[in-house]
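Following: one structure in structure tokens, then a few remarks.
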Amino acid sequence: MRLTTGQKETRSVTYLVAAQLLIFQSSLGQYVTPIYFGALARQLGYTNQQLAAIGTTEATASIFVVIAIALFIGRLNMRKICLIAAGVLTAATLACALTTDPAVLLILRAMVGASATVISSAGMVYVAATAIPVRWFGVQMTLTTLLTMAGLAGMPIIERQFGLPGFYVTLVLLAPATFWAAFVLPAHPKPASEALKGDSSLAASAGWLNPAAIIGLLAILAYAAYIYPMYNFSDRIGTAIGLAPVYIGFILSATTPIGIVGSLLATTLGNRFGAVRPIAASAVLAGIGYLYFHFSTDVVGFWVAISVMSFIWNFAQPYLVSTVGRADPDGRFVFLNGLAFEGGRILTTFIFAASLSAIGPTGPALLGTVLMTLSALLIYVAVRFIRTDSTRPQVDL
């Protein structure tokens, strides 16, 4: 079977909106991480290594919690899991505003990272259970990016006026949307196979022995290993070339529309060109962005490098996540998407910090090009497995 952008969606509007909210609210903290890292460095004197430790701790906690839930995902009430995680996320974020102790902050950030990843992973499971996941993942990226523009532009102002406590309180203001979404979504989301009525090709499951889904997760890991450290250290990269924090925040916000173009393009194209071609194009674009920044290490080069990263972030992700969903009718590997995203961040955060210190501001862009190329190769292999497995829907190369 071949899914196209013309296929009819069977989920309700409430379902689609709630699933999007789960992913958005829990992901917003990650989107404004560069501003947060910059604030910690300016106000509390954190070094690049200490910032890397925070990112690594959040990712590590997320990995353990997501694995524990994925092992029993078929027996758990997803609604209750989301409500508990939302409560932890809200409480831990508020508690961050009350401490400057590095050890306490590290523990609280671990709780924030783990709970946010659980919520966003659940949201991905709900979206993957739709008839046209690549479209709705593209819509999700578009909406998240639009709303994050305000955060990137506004957070530096909030930091100057209210300090770090104002930063934390602002994030908590969005918590009610997460609680509402968890309440209205079903406790046990149907597998992707049941979202496509009458399609018997999706009925079979390979359990944990699923090469296509595993390789797809590795492709996401390589992608995340480029995107998140590059984005998180964008403040430090800008500082390394002499940009003031307010200009860095402005550039991050100004390049966000380019990310919107990427997600809208993915939403529009759907499966028309398969999954491999868009990811391969992203790898080529990453290389172009690096080369430009390498030969123009100034504000324009920084803008180009961040613009390329923003486009790839929004354009490639719907294809990567949807490919895992196609290989995984039961949703367990889709839930582990959070593990792949956080795993990528933890594996390369220190390497990105080291490349910034050793090579200079262009080091992270070079490393990102290599990782995005690896992601394209892995997604090619994953799609080949899906195409040779008659129990799964066919995906164009």
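The values are calculated or read from the model by the stated rules, or taken from the named source; none is laboratory data. Since this is a predicted model, take the numbers as computed values, not measurements. In this analysis, Cβ positions are derived from the backbone assuming ideal geometry, glycine residues included, and neighbour counts consider all displayed protein chains.
A few remarks follow.
Residue-wise test of (1) within 20 Å of Val321 (Cα to Cα); (2) assigned to a helix (DSSP H, G or I); (3) at pLDDT below 80.
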site	(1), (2), (3)
Ile220	yes, yes, no
Ala224	yes, yes, no
Asp235	no, yes, no
Thr239	no, yes, no
Val246	no, yes, yes
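- Residue in the stretch 120-131 that is more than 30 Å from Asn271 (Cβ to Cβ) and either in contact with a strand residue (DSSP E or B) (Cβ under 6 Å, 6 or more places away or on another chain) or not polar (S, T, N, Q) (or both) present: no
- Residue satisfying all of: in the stretch 219-247; crowded, with 21+ Cβ neighbours inside 10 Å and β-branched (Val, Ile, Thr); farthest from Leu378 (Cα to Cα) among these: Ile237
- Within the stretch 131-150, considering residues that are surrounded by 22 or more Cβ atoms within 10 Å (Cβ to Cβ) and over 15 Å from the mean Cα position of the chain (by Cα), the one modelled with the lowest pLDDT: Ile132
- In the stretch 78-118, residue farthest from Val172 (Cα to Cα) [restricted to those that are of a type in the set (Ser, Thr, Tyr) and in contact (Cβ under 8 Å) with a residue 40 or more places away in the chain]: Thr100
- Test result for Gly325, under 19 Å from the mean Cα position of the chain (by Cα) and of a type in the set (Gly, Ala, Ser): yes
- Answer residue from the stretch 164-202, given it is at pLDDT below 80 and assigned to a helix (DSSP H, G or I) and is farthest from Thr33 (Cα to Cα) among those: Ser200
- Residue pairs meeting the criteria (Cβ under 8 Å; at least 6 apart or on separate chains; first part of a loop (DSSP other than H, G, I, E, B), in the stretch 5-25; second modelled with pLDDT under 80 and exposed (fewer than 15 other Cβ atoms within 10 Å of the Cβ)): Thr10/Lys197
- Among residues of the stretch 250-271 that are more than 16 Å from Gln317 (Cα to Cα), those with a Cβ under 7 angstrom from a residue that is among the β-branched types (Val, Ile, Thr) and modelled with pLDDT of 85 or more, sequence gap 6+ or separate chain, pair up as Ile251/Ile306; Leu252/Ile306; Thr255/Ile306.
- Residue, surrounded by the fewest Cβ atoms within 10 Å (Cβ to Cβ), within the stretch 263-274, restricted to residues that are polar (S, T, N, Q) and modelled with pLDDT of 85 or more: Thr268
- Some residue of the stretch 296-308 being under 26 Å from Pro133 (Cβ atoms) and at pLDDT 80 or above: yes
- Odd one out for Val308 among (1) buried (at least 24 other Cβ atoms within 10 Å of the Cβ); (2) touching a residue at least 60 places away in the same chain (Cβ under 8 Å): (2)
- Qualifying residue in the stretch 275-294 (condition: part of a loop (DSSP other than H, G, I, E, B) and either touching a Phe, Trp or Tyr at 6+ places or on another chain (Cβ under 8 Å) or surrounded by fewer than 24 Cβ atoms within 10 Å (Cβ to Cβ) (or both)): yes
- In the stretch 159-171, residue nearest to Gln20 (Cα to Cα) [restricted to those that are of a type outside the set (Ser, Thr, Tyr) and surrounded by 19 or more Cβ atoms within 10 Å (Cβ to Cβ)]: Leu171
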